[in-house]
Amino acid sequence: MTETRGIDRRSFLVSVAAAGGALTLGFGVHPSQAEAGAPELTAWIVIARDDTVTIRVARSEMGQGTLTALPMLVAEELACDWSKVRTEFPRPDENLRRNRVWGDFSTGGSRSIRNSQEPLRKAGATAREMLIAAAAAQWNVPASECSAFNSVITHGPSGRTLRYGEVAEAAAKVTPPKDVRLKDASAWRLIGKPTGRIEVPDKVVGKPIYGIDVRLPGMLYAAIAQCPVFKGTLKSVDESKLSGRRGVHNVVRLKDAVAVVADRWWQAKTALDALAIEWDAGEGGEVSSASIREFLLGGLAATTAGVGRAQGKLAEGFARSARRVEADYAVPFLAHATLEPQNCTAHVTGDRAEIWVPTQNGEAAMASAAHALGIPTQNVIVHKTMLGGGFGRRGVTQDFIPPAVLIAREVGAPVKVLWSREEDTGHDYYRPVAMARMAAGLDASGMPAAWHVRMTGNSIWSTLMPVAARGGVDRQFQEGFLADMPYDIPNYLADYAIRNTHVPVGFWRCVNHTQNCFFKESFVDEMAHAAGIDPLTYRRRLIGTHRNANKFLGVLNAAAERAGWGTPLPPGTFRGIALNEAYSTFVAAVAEITLAADGTVRMPRIVVALDPGTVVIRSPPRCRPRARSCSASPRRSMARSPSRTAGSSSRTSTTTACCGSPRCRRSRPC
Amino acid sequence: MISLTINGKAHNVDVEPDTPLLWAIRENVGLTGTKYGCGVAQCGSCTVHVDGVAMRSCVTPVSSVAGKKITTIEGLAENGVLTKVQQAWIANEVPQCGYCQSGMIMAVAALLKDKPKPTDADINDAITNICRCGTFQQVRAAIHAAANA
Ligand code: FES
Ligand code: FES
C-alpha cells in the first residue's frame, strides 16, 4: 500500500507539510496510513502492534459518511476498540493487482451501506475469529473458551488476556474460517450508536483533504476553457496576447478545449481569458432552449414509447371513468454545482501516470486516464481525495480526467487542472431535462380508475451505456412510477419516449426521483383537488392494500401528525404533502409555504418522516442530514436580505425544496 | 512583492497587485483551508478575517490588504485550542462534504464577535454563505450552541 511510483509518497507528504506552513499532518489523501509491514488479517483489516486497527474503505467520502459507516460495520464484528480505528482508501491499481479484493469502488446510487453489510461485517467477524484462534493457540486452550471484546481476547476459565496487537501477527497466518456467524442486531454496540464521523474534526480546521488542495513539488497550475457548445471543437487560438505575461508556461490545445499552464492558477486563468479562441460549434450550434422544448413536446405526443409498467386495461378504465384530470410538468437541465469545482492533478512520465482526484469511482478514474493516454490500466496510480461534493457528478462520468492527463503529458511536470466555477457549470453532465404528461380517469368516488404517465426527455442510460436502455426502455428515467410507486392503480400505464439532446446528462443524487416525485405527487394533488378530497385522506386511500402499505402509511402519518396537518394556517400560508420511495427508503414530507403578493415563495417549515431501514451512523441532530439536502436546486433564494459580509452580494441560507403547493406546476424546484 | 500578515506571520508574496487574496493565500502562502467556490463573492467559502472583519477573499485584491491582519481558518484556533465555534461544529456534526465549512466558520466567528447572542434573523442577515450539501439547519443550531457555550 505504501509503494508508489513517480513522486513517492514519503517525499510528497514531507513537501506538503513543509509547503503548508501551519499544517501538522500530511495531505490527507489517506486519513491514515497502515503502519508499514503491519499484518493484514483480511484485505480490509490491518492491525499494528500498538493495537491500531486500519480499516480500508473502498468507497469515496463526500460528506455522506461512508468513511465512518463502513469501518463501523467491520469494527462491530471485529469487536475492536473504536478509538483505535484508522481508515485508509485502498488504491484502485492495488485492487486490480489483487484481483479486485475490495470489490467495487464506485460510490453512488445510495449503495455503499446497502451493498456493504455482508462483506464488511463478515470481514470483521472473520478477523475476530482469527485473532481468537491465534490467542487460543498461544495459550494452548480451545478457542471456544475464549472471547473478544474491545481489542482484548480473554480466556474465560483462567482470566488470561492478550491484546489484538500482541496476536495480530500470528492471527494473520491462521487459515480464515469459512463460515462466520454475524452478531444479532440486538447485540450491536457500535452500529447505530452516536460516535461522530471520523473526518469531521479535519473539516473544521481547514486541513488539506480535498483534490483542490493537492500540492506537489514543482507543480504547475492549469485553467481550462471548453467549447461553449457541447460536442463542438476547437478551431484556432491566437496566443500573441500572452507574450511577456508573467508565469505562463504553455498553451495546450485539446480537441474541444484550450488550457493555459502557469506557475499559479490565477495567472493561468487571466491568461486564458486574454486568449482569442475560435470554436467550431458543430451540430449543436443551432439548438436552443426553445428547440429542445419543441423536441420534448413531440415526445409527449409520440405514438410509440418504451413501457416501464402496465397493468389492467387503460382504455377501458378511461371509458368507465366519471371525469378526466390532466396536467403537464416540465423540469430543466440542472448542474450539480459541487462546491469544489472539478479538478484533477496529474503527473505523466513515459507510459505511467499518477493522478490525485476527488472521484466517486477510483477505478473509473484509473480507466479513464489509461484510455486517454493509451497506456495499460495498471500503469495508472489514482490517489483518491475527499470530495467537496459529489452528488453523482464525479461518478460514472470522469470527464475531468482526460484533459488533466493530456495537459500533464504535454507539460511534463505535475499539473493541477482546476475548472473555474463558470466552466464547471457550463460543462456538467446535467440532471436530464424532462417532461411528464399525466392523464387520469376518476371513478364516481373520485379515485383513479385509470392513470397514464407519459414521460419524455434525455435518457442517461441510453447515452452513457446504451445496453442499459435496450428496446427503448430506460427504467431509471421512470423510477417512482414503476413497482416503487406507493399506489396500485387498476388500469395503469407508465411509458417513456426517449428524446436525447446534444446536452450531456448524468446521474444526480437520487437521480430521476428528484423530478419524478414532484411530478407524481403534484398530480396526486390535482386528482385529490378534482375529487374534492383532502390530499392526506386521498393518499391514504390510494395506498390502500399496497404491499408496502405499512411503510408508506407509517411515514405519511408521522409527517402529517408532526406537521399538524388539518390545523388552521395563517392567511397566505399553505401546506402540501408528498410521499415517495427511493431505493428502499420511504419518505413523506409536509411543507409549509408562504406566497407573497409579489409571487415570492418561502418555505418556513418542512416536516420530513423517513424510514431508511437500519441506521448505521447516528448523528447528533435528530434526523439524518442528507434527508434535507441538496437534491433541489439551491439557486433560488427563499429569503433575500442584504448581506453584512464584506464583498458579498445578497444570498440566502435557507434550505430549498419544491414548494409542495397543491397548485404548483413550476418548471423547476421552487 | 507584497507583504501580508497571515495568522500572525509575515509573508512576502510575489503576485500582481490585483491578484485576489484567495489565490495568494492558497498558492503562494500554501494555506489551502480557504476555499474557492465561485470567485464572484457569492458563496462565501473563501471567507477570511481582515482586521477582524469577515471578507470574501476571492474578490479582495492583495494590494488592498497589505499590512493588515489576516486570519484564515488555520489560524482561528489559538495554541491548538479550538474556538467555541469549531467545537460547536464538531458537537453538532455540521459538515457534510465540509467544503463550505471553513468559510462558514469564519463568517460565524465574525458574527459572534459582533453579536454574541444572535437571533435567527441576525443569522439570516449575516450568514449568507452557500452550502451545496444543505447543512443550513445544522449551521443555525451550531451557531446558537456556540453562542450559549
Ligand atoms: S469563492 Fe469567494 S465567495 Fe465564492
Ligand atoms: S458541507 Fe458540502 S458544501 Fe457545505
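Scanning region A:49-71 for residues that are open to solvent by 10 Å² or more (accessible area, probe 1.4 Å) and either within 15 Å of ligand 2 (Cβ to nearest atom) or among the aliphatic types (A, V, I, L, M) (or both) returns A:Met62, A:Gln64.
The criterion of being of a type outside the set (Phe, Trp, Tyr) and within 16 Å of ligand 1 (Cβ to nearest atom) holds for A:Glu423. Within region A:171-195, restricting attention to residues that are in contact (Cβ under 8 Å) with a residue 40 or more places away in the chain and not in a loop (DSSP other than H, G, I, E, B), the residue that is most open to solvent (accessible area, probe 1.4 Å) is A:Ala185. Within region B:48-62, the set of residues being more than 7 Å from ligand 1 (Cβ to nearest atom) and not small (Gly, Ala, Ser) comprises B:Val48, B:His49, B:Val50, B:Asp51, B:Val53, B:Met55, B:Thr60, B:Pro61, B:Val62. Scanning region B:63-80 for residues that are away from every other protein chain (no Cβ under 12 Å) and within 16 Å of ligand 1 (Cβ to nearest atom) yields a single hit, B:Ile70. For region B:102-123, the set of residues classified as assigned to a helix (DSSP H, G or I), farther than 23 Å from A:Pro604 by Cα and more than 10 Å from every other protein chain (Cβ to nearest Cβ) consists of B:Ala109, B:Leu112, B:Lys113, listed by residue number. Scanning region A:593-632 for residues that are over 13 Å from A:Gln64 (Cα atoms), more than 10 Å from chain B (Cβ to nearest Cβ), modelled with pLDDT under 80 and open to solvent by less than 20 Å² (accessible area, probe 1.4 Å) yields a total of 0. Quick one: would you say A:Lys384 is basic (Lys, Arg) and within 28 Å of A:Gly206 (Cα to Cα)? In short, yes. Scanning region A:530-550 for residues that are more than 34 Å from the chain's Cα centre (by Cα), free of Cβ contacts under 8 Å to residues at least 40 places away in the same chain and assigned to a loop (DSSP other than H, G, I, E, B) returns a single hit, A:Asp534. Only one of these conditions is not met by A:Ala223: (1) surrounded by 15 or more Cβ atoms within 10 Å (Cβ to Cβ); (2) away from every other protein chain (no Cβ under 12 Å); (3) within 24 Å of B:Asn28 (Cβ to Cβ). Which number is it? In the conditions (1) surrounded by 15 or more Cβ atoms within 10 Å (Cβ to Cβ); (2) away from every other protein chain (no Cβ under 12 Å); (3) within 24 Å of B:Asn28 (Cβ to Cβ), A:Ala223 misses (2) alone. B:Ala88 falls short on exactly one of the conditions (1) away from ligand 2 (no atom under 16 Å from the Cβ); (2) part of a helix (DSSP H, G or I), and that condition is (1).
Return yes when A:Val467 is more than 23 Å from A:Asp611 (Cα to Cα) and either free of Cβ contacts under 8 Å to residues at least 40 places away in the same chain or buried (at least 24 other Cβ atoms within 10 Å of the Cβ) (or both) and no when it is not. In short, yes. Within region B:124-149, the residues that satisfy the criterion of being more than 7 Å from every other protein chain (Cβ to nearest Cβ) and not β-branched (Val, Ile, Thr) are B:Cys131, B:Arg140, B:Ala142, B:His144, B:Ala145, B:Ala146, B:Ala147, B:Asn148, B:Ala149. Which of the residues that make up region B:67-113 are over 12 Å from A:Val204 (Cα atoms), more than 12 Å from the chain's Cα centre (by Cα) and in contact (Cβ under 8 Å) with a residue 12 or more places away in the chain? B:Gly67, B:Lys68, B:Lys69, B:Leu112, B:Lys113 - these are the residues of region B:67-113 that are over 12 Å from A:Val204 (Cα atoms), more than 12 Å from the chain's Cα centre (by Cα) and in contact (Cβ under 8 Å) with a residue 12 or more places away in the chain.
If you filter region B:101-138 down to residues that are of a type in the set (Val, Ile, Thr) and open to solvent by less than 10 Å² (accessible area, probe 1.4 Å), you find that the one that is nearest to B:Ala41 (Cα to Cα) is B:Thr128. Here B:Ala10 clears all of (1) surrounded by fewer than 19 Cβ atoms within 10 Å (Cβ to Cβ); (2) assigned by TED's automatic domain parsing to the domain that holds B:Gly134; (3) aliphatic (A, V, I, L, M) except the condition numbered (2). Condition check for B:Gly30 on (1) open to solvent by less than 10 Å² (accessible area, probe 1.4 Å); (2) within 16 Å of ligand 1 (Cβ to nearest atom): one failure, at (2). Annotation note: of A:Thr345, A:Thr349, the sole residue that is β-branched (Val, Ile, Thr), farther than 24 Å from A:Val511 by Cβ and within 14 Å of chain B (Cβ to nearest Cβ) is A:Thr345.
Put simply, of A:Leu442, A:Leu406 the only residue that is over 20 Å from the mean Cα position of the chain (by Cα) and not assigned by TED's automatic domain parsing to the domain that holds A:Asp328 is A:Leu406. If a residue must be touching a residue at least 24 places away in the same chain (Cβ under 8 Å) and either β-branched (Val, Ile, Thr) or facing another protein chain (nearest Cβ under 8 Å) (or both), how many such residues does region B:5-15 contain? Residues meeting the conditions: 5. So, in region A:196-218, exactly how many residues are at the interface with chain B (Cβ under 10 Å from one of its Cβ atoms), open to solvent by 20 Å² or more (accessible area, probe 1.4 Å) and in contact with a Pro (Cβ under 7 Å, 6 or more places away or on another chain)? Count: 0.
Of all the listed residues (A:Gly564, A:Gly554), the sole one being surrounded by fewer than 15 Cβ atoms within 10 Å (Cβ to Cβ) and of a type in the set (Gly, Ala, Ser) is A:Gly564.
The values are calculated or read from the model by the stated rules, or taken from the named source; none is laboratory data. Keep in mind it's a predicted model, so treat the numbers as computed, not measured. Here Cβ is always computed from backbone atoms with ideal geometry, including for glycine, and neighbour counts include all displayed protein chains. For accessibility, only protein heavy atoms count, side chains too; no ligands or nucleic acids. Shrake-Rupley method; radii C 1.70, N 1.55, O 1.52, S 1.80 Å.
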